[in-house]
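Accompanying notes for the structure given below.
The values are calculated or read from the model by the stated rules, or taken from the named source; none is laboratory data. No experiment lies behind these values; they were computed from the predicted model shown. Heads up, the Cβs are rebuilt from the backbone with ideal geometry, glycines too, and the neighbour counts pull from every protein chain shown.
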Amino acid sequence: MEGVTLLDDHLDRQLQRDAGMPHVYYGLLVKLAEAPRRQLRMTELAMLAKITRSRLSHAIARLEKNGWVRREDCPDDKRGQFAVLTEEGYEVLRQTAPGHVEAVRQAVFDRLSPEQQKSLGEIMRIVAEGLQPTEAGADLPWLR
């Protein structure tokens with residue numbers, strides 16, 4: 001638990017210092033940059049980022065204020081919205097990524113042997129698969 005907490009804090013501080021954003025916002029910008037046309041439906045972005053829709057809405061509002069993301073209405077669903085990475089947001093991500101990659105490399109990968117890196121990847125994949133809900137409420141056994 002200490003390792004996860006310290007790593008998240010380390011990466012958060014690096015991103016706050018270098019780009020003025022928390023780690024979760026960086027992750028949202030990355031997801032949008034990787035998406036077709038640099039846009040995702042808000043519900044899909046929340047799912048991919050593993051955060052609640054409420055937390056996503058707050059984060060997108062802050063990213064909009066910075067000019068890094070904009071919302072667009074979904075043309076085929078009146079209630080749906082897209083989060084769209086702006087050119088300014090893409091540029092911030094492009095400038096921030098090398099420092100963030102270096103921070104991750106120094107904090108994690110430079111400290112592990114190649115075998116440990118492979119094991120870490122395998123372990124985290126198993127943990128993620130076990131925590132990924134397969135259907136609505138599947139991760140909440142008391143709802144069954």
**Request:** Report, by residue number, each residue of region 75-104 that is touching a strand residue (DSSP E or B) at 6+ places or on another chain (Cβ under 7 Å) and either under 23 Å from His10 (Cα atoms) or surrounded by 15 or more Cβ atoms within 10 Å (Cβ to Cβ) (or both).
**Result:** Gln81, Phe82, Ala83, Val84, Leu85, Thr86, Gly89
**Asked** Residue check: is Ala59 crowded, with 16+ Cβ neighbours inside 10 Å, within 15 Å of the chain's Cα centre (by Cα) and small (Gly, Ala, Ser)?
**Response** yes
**Message:** Looking only at helices (runs of 4 or more DSSP H) that lie completely in region 21-110, which have at least 2 residues being acidic (Asp, Glu) and farther than 28 Å from Met124 by Cβ?
**Reply:** 87-107
**Message:** As an exercise: evaluate Asn66 against (1) surrounded by fewer than 17 Cβ atoms within 10 Å (Cβ to Cβ); (2) over 30 Å from Gln106 (Cα atoms) and give the number of the one condition it does not meet.
**Reply:** (2)
**Asked** If you go through region 115-128 one residue at a time, do you hit one that is closer than 18 Å to Gly20 by Cα, among the charged types (D, E, K, R) and at pLDDT 95 or above?
**Response** no
**Message:** For the structure I just gave you, tell me whether Leu15 is in contact with a helix residue (DSSP H, G or I) (Cβ under 8 Å, 6 or more places away or on another chain), closer than 17 Å to Asp73 by Cβ and surrounded by 17 or more Cβ atoms within 10 Å (Cβ to Cβ).
**Reply:** no
**Fill in**
The residue that is nearest to Leu32 (Cα to Cα), considering only those in region 48-92 that are of a type in the set (A, V, I, L, M) and without any contact (Cβ under 8 Å) to a residue 24 or more places away in the chain, is Leu48
**Item:** Selected residue (only one of Gly67, Gly27, Gly20, Gly3 is over 16 Å from the mean Cα position of the chain (by Cα) and within 19 Å of Ala97 (Cβ to Cβ))
**Value:** Gly67
**Request:** Starting from residues that are more than 25 Å from Ala128 (Cβ to Cβ) and basic (Lys, Arg), keep the ones in region 39-87 and report whichever is modelled with the lowest pLDDT.
**Result:** Lys78
